[in-house]
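**Q** Structure below; questions to follow.
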């Protein structure tokens, strides 16, 4: 499905790729690049691409914050929250765990 998005051809890109980038900048949206009437790709400016990357990062952060909030809300309402044993987490019993203190890590 081709939406109401500006279009250019592979020939246009070969002739003058900067014109496609300028068109994208002016219209503030991507330009579909057609190859024999089929969309081969989309061209956007560097600034638009970086803006999309920033938006993706923001949205991923919001998704993570929402998941954390949901888990905390679920934890607060549980009478007995789900817990895990040392063996379930590490694959070994507590007695099998080895403690190797690192004197250089300044935790002691």
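Every number here is computed from the coordinates shown, using simple stated rules; none is lab data. Every value quoted in this text rests on a predicted model; they were computed, and no experiment measured them. Here Cβ is always computed from backbone atoms with ideal geometry, including for glycine, and neighbour counts include all displayed protein chains.
**Q** Can you pull the percent of Cα pairs in the chain with separation above 19 Å?
**A** The share of Cα pairs beyond 19 Å in the chain comes to 71 percent.
**Q** Ok, one more. If you fit an axis through the alpha-carbon atoms of helix 46-77 and take the longest principal axis of the Cα set of the chain, what angle between them do you get, 0 to 90°, nearest 10?
**A** Around 30 degrees separate the two axes.
**Q** Multiply the residue gap between residue 57 and residue 85 by 0.36 nm, knock off their C-alpha separation, and tell me the result in nm, one decimal place.
**A** Length difference between fully extended and current span is 6.6 nm.
**Q** Another question, if that's okay. Each label point is 7 Å from the Cα along the Cα-to-Cβ direction; what then is the distance between the points at residue 77 and residue 28, in nm?
**A** Computed distance between label sites residue 77 and residue 28 equals 4.1 nm.
**Q** Could you work out how far helix 17-27 tilts from the main Cα principal axis of the chain, as a 0 to 90 degree angle to the nearest 10?
**A** 80 degrees
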